[in-house]
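Quick notes on the structure that follows.
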Amino acid sequence: MTQTRPQGEFTMRHNASLSMLILGLMVAVVASPGCSTVPETGRKRIMFVTEGQEQSLGLEAYQEVLAQEKRSDDARMTAIVERVGRRIAQAANRPDFKWEFALLESPKVNAFCLPGGKIAVYTGLLPVAKNEAGLAVIVGHEVAHAVARHGGERMSQQMSVETIEELLSIGLQKASPMMRSGAVQAFGIGTQLGVLLPYSRTHESEADKMGLMYAAKAGYDPREAVPLWQRMAAASQGRPPEFLSTHPKEENRIERLQEDMPAALQAYEASPQRYGLGEEW
């Protein structure tokens, strides 16, 4: 007489095997062999996008932003943004970048640096920055994203995830449509929370560290980074929990910056020109 397994036992074993498969695929994404190394930190990462491709996309995106956004008419603040930007650019030591700087009229509390050195600061950020040193920390952070090629790395990660999702779907062709759909969805959620978001927070922490050093090397007091991020925290209430965010909590960010402060202060003291907090507004 053939003994029939209880349906619940079969389902539990099947789900356990499926969970192990999903976990293995997630580990494969994280452990993909590093194709390149982040300058200044030595972190290994996957990279399927060339720097030329990145810079071409960056230029295209920058031109689109300038076509849609209004440049500020404030000559004084425009000059300050360019002055701080050029000092940070020199500290970043990427003479191959075609640096451009723009102050955009908008209430957004934001700034960015696209691949190739295309920098924009929104006027809504200026009250939070408060002075040149605060602005230097922010611009240094954004420049670090471009120098470390975080955009290309994120694209490469997404390419890896999409490839593995496709392989997972193919591997489950014999499963029921509901099981197949559920597995692919579970993998998508797993990679988002377990891989992509933590990697984004890694990028943010890495940009904080590199940007702090850029600001110090440019001659700005790096100690302004702590009150800056305290002001940023006050301006960003109602954000999602850290595990669902691409950015670390401000208190965690400040703690890491304080750990990096001794090295940044050494770089500041070694800078040929020291501007302190610079001009305030």
Check: So how do 98, 209 line up by other beta-carbon neighbours within 10 Å, fewest first?
Finding: 98, 209
Notebook entry, point to check: When the Cα centres of the stretch 90-155 and the stretch 203-219 are compared, how far apart do they sit, in Å?
Noted result: 11
Margin query: Ranking request for peptides 134-146, 84-96, 47-59, 217-229: highest mean number of other beta-carbon atoms within 10 Å first, then the rest in descending order.
Written below: 134-146, 217-229, 84-96, 47-59
Next item on the list: Convert each backbone phi in the stretch 75-82 into a coupling constant with the Karplus relation 6.51 cos²θ - 1.76 cosθ + 1.60 (shift: θ = phi - 60°), then list the ³J(HN,Hα) values in order as whole Hz, x for Gly and Pro.
Entry: 5, 5, 5, 4, 5, 5, 4, 5
Next item on the list: Pairs to check: 98/209; 98/130; 44/130; 44/209; 70/209. Give those whose C-alpha atoms are more than 25 Å from each other in this structure.
Entry: 98/130; 44/130; 70/209
Margin query: Check which residues have an amide H placed less than 5 Å from residue 48's amide H, if you skip close sequence neighbours.
Written below: 156
Next item on the list: Calculate, in nm to one decimal, what residue 280 and residue 73 gain on full extension: separation in residues at 0.36 nm each, minus their alpha carbon distance.
Entry: 72.7 nm
Note to self: Using 0.36 nm times the number of residues separating residue 263 and residue 86, minus their current alpha carbon distance, what extension gain do you get?
What the structure shows: 61.5 nm
Checklist line | Simple label model, 7 Å out from Cα along Cβ direction - residue 64 to residue 51, nm | finding: 2.4
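No value in this document is a laboratory result; all are computed from the given coordinates. All of these numbers come straight from a predicted model, not from anything done at the bench. Cβ atoms come from the backbone with ideal geometry, glycine included; neighbour counts cover every protein chain shown.
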